[in-house]
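Written below as structure tokens is the structure these notes are about.
The values are calculated or read from the model by the stated rules, or taken from the named source; none is laboratory data. What you see is a predicted model; the values in this text were computed from it and never measured. Positions of Cβ are backbone-derived with ideal geometry, glycine not excepted, and every protein chain shown enters the neighbour counts. With ligands, DNA and RNA removed, areas are computed over all heavy atoms of the protein, side chains included. Shrake-Rupley method; radii C 1.70, N 1.55, O 1.52, S 1.80 Å.
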Amino acid sequence: MSAEGPATRRVSVAEHPRLLKLKKMFNSKFGSNPKFYVRAPGRVNIIGEHIDYCGYSVLPMAVEQDMLIAVEPVKTHTLHLANTNPLYPDFSTSANNIQIDKNKPLWHNYFLCGSKGIQEHFGLSSLTGMNCLVDGNIPPSSGLSSSSALVCCAGLVTLTVLGRSLSKVELAEICAKSERYIGTEGGGMDQSISFLAEEGTAKLIEFSPLRATDVKLPSGAVFVIANSCVEMNKAATSHFNIRVMECQLAAKLLAKYKNLDWDKVLRLEEVQTQLGLSLEEMLLVTEEALHPEPYSPEEICGCLGISVEELRTQILSPNTQDVRTFKLHQRAQHVYSEAARVLQFKKICEEAPENTVQLLGELMSQSHRSCRDLYECSCPELDQLVDICRKHGAQGSRLTGAGWGGCTVSIVPADMLPSFLANVHEAYYQKSDRSSARENQNLFATKPGGGALVFLEAQTM
Ligand code: GLA
């Protein structure tokens with residue numbers, strides 16, 4: 001993996017309507033011109049849901065929608081943040097003392113996460129002040145990772161202001177870690193693809209060490225994103241962190257059952273690696289070692305031979321302290337089977353048999369069923385949308401991102417795209433008040449986009 005950092009491009013702002021508009025807005029807001037711009041894309045995860053934080057590979061691609069920030073470093077030690085979307089109010093803070101309020105997932109906190117990550121990485125006691133105007137076009141709370149794109153964009157803004165450099169992998173790791181300041185224990189997929197994406201290819205993202213490999217998607221199919229219009233902000237509820245904890249507890253119980261040093265085990269992947277078994281064999285071990293009935297904290301303590309107090313203080317995270325039931329069997333079943341589906345998906349893309357699109361579609365639909373039934377991260381609207389997409393020609397369809405709302409991704413034979421879009425539009429959007437001016441933002445075909453970039457304005461004569 002190269003140690004290359006994100007690219008810097010010289011552009012003529014006058015020729016880029018979005019940059020030009022942002023420059024004008026920046027000027028009327030701050031009374032000066034931006035010195036540079038940074039963009040970081042959102043992503044759609046094609047397959048491999050809720051397994052990155054268990055140590056398993058995922059298969060996302062960047063979307064063209066992104067966060068774009070116009071930046072001007074200033075001499076005062078103040079960070080001024082503004083957003084082109086009037087729903088997001090201005091925010092200012094001293095660059096000497098960045099505080100992130102975990103209890104309020106407000107937009108500017110994601111920016112602060114990215115900045116703080118870079119500051120800490122270089123051991124700096126304070127940051128340079130800056131004026132920033134943010135312009136995002138990734139639908140928020142839709143599972144397309146608008147929040148991570150903002151964290152990554154802010155990380156790269158801060159790095160650029162400091163005049164330092166880091167590789168894309170380092171940036172991704174820093175931003176994955178620093179986004180956890182907001183309180184969700186995400187796994188690193190979103191930040192990795194935001195930096196490591198390349199136009200024209202999806203990526204297999206592997207962890208420990210972080211690396212990305214090209215996955216060539218079939219040319220005869222199109223990936224279509226459809227928004228269920230149910231908003232889910234994963235930092236505003238504890239669903240996400242409960243799943244992370246259930247996976248961790250399942251890993252510990254499996255490790256204990258197999259006489260491993262369970263105390264040190266945190267991820268389901270570690271159990272597999274230590275046992276030297278295949279994913280299919282891990283499914284059998286799960287069947288043997290865990291029961292489908294939910295576990296109470298007391299039963300977990302009994303299995304591990306620890307007190308409830310030890311469970312609370314040494315294992316449970318702050319927002320899982322009061323959880324009364326943990327579903328360990330179902331979560332581990334999902335994770336091991338989903339990890340296997342990712343590898344199968346990649347293999348089919350490489351081998352490209354005649355029925356590639358159908359086979360990939362089947363894996364995507366299996367993934368959705370597993371998310372719905374075993375991981376319980378779907379919702380009735382997502383299930384309905386997946387059914388509608390299947391009915392109108394998708395070879396496979398699934399929720400994408402954290403779930404509990406947000407978007408689906410479907411694989412659609414290229415020649416069926418126009419009828420697919422028209423029919424899904426009619427069946428899901430038109431028949432409800434979901435149809436709106438945002439039609440194209442709710443249902444659209446997407447192609448693998450490029451990763452984060454810095455733009456400098458080319459000098460005009
Ligand atoms: C969120 C997290 C990711 C990943 C997905 C679910 O997007 O940030 O790390 O866990 O959910 O696959």
Whole number in Å², please: accessible area per residue of the chain, 1.4 Å probe, ligands, DNA and RNA not counted.
42
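What number do you get for the range 371-461 when its Cα radius of gyration is normalised by 2.2 N^0.38 Å, N = residues?
The range 371-461 yields a ratio of 1.38.
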In percent, what relative contact order does the chain have, based on Cα pairs under 8 Å that are 6 or more apart in sequence?
24
May I ask for the longest run of the chain untouched by trypsin sites (Lys or Arg not before Pro) that are loop-located per DSSP and have at most 13 neighbouring C-beta atoms (other than their own) within 10 Å?
217-323
Helix 328-351 against the longest principal axis of the chain: what's the angle in degrees, Cα atoms only, rounded to the nearest 10?
60
Express in % the proportion of alpha carbon pairs of the range 299-367 at distances exceeding 19 Å.
55
What angle do you read, to the nearest 10 degrees and between 0 and 90, between the alpha-carbon axis of helix 239-257 and the longest principal axis of the chain?
40
Taking the chain as the reference, fit the longest principal axis to its C-alpha atoms, fit the long axis of helix 279-289 to the helix C-alpha atoms, and give the angle between the two in degrees, 0 to 90, nearest 10.
60
GluC sites (Glu not before Pro) within the range 2-94, DSSP loop, no more than 13 other Cβ atoms inside 10 Å
E4
Normalised alpha carbon radius of gyration of the chain [divisor 2.2 N^0.38 Å]:
0.99
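Measure up K346/K447; K327/K447; K168/K346 against 26 Å on the Cα-Cα distance and list the ones that go over.
Beyond 26 Å between Cα atoms: K327/K447.
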Write down the Å³ per residue value for the convex hull defined by the alpha carbon atoms of the range 1-109.
191
What lysines could a cross-link reach from K431, if we take a straight Cα to Cα line under 19 Å and drop same-chain neighbours fewer than 8 places away?
K391
Can you give the log10 of the normalised intensity I(q)/I(0) at q = 0.12, 0.18 Å⁻¹, computed with Debye over equal Cα scatterers of the range 261-378?
-0.55, -1.05
Multiplying the sequence separation of V308 and K102 by 0.36 nm and subtracting their Cα-Cα distance, what value in nm do you get?
71.6 nm
Using a 1.4 angstrom probe on heavy atoms only, work out the carbon and sulfur share of the accessible area of the range 267-383 in %.
50
Between K29 and E298, what is 0.36 nm times their sequence separation minus the Cα-Cα distance? Round to one decimal in nm.
91.2 nm
Scaled radius of gyration (Cα, divided by 2.2 N^0.38 Å) that the range 172-285 gives
1.30
Determine the sum of side-chain charges near V44: Lys and Arg each +1, Asp and Glu each -1, restricted to other residues whose C-beta is under 14 angstrom from that of V44.
0
Computed over the Cα atoms of the range 114-250, what is the convex hull's projected area averaged over all directions, in nm²?
10.7
Where Rh is the Kirkwood radius over the Cα pairs of the range 95-165, the temperature 20 °C and the viscosity 1.002 mPa s, what D in µm²/s does Stokes-Einstein return?
168
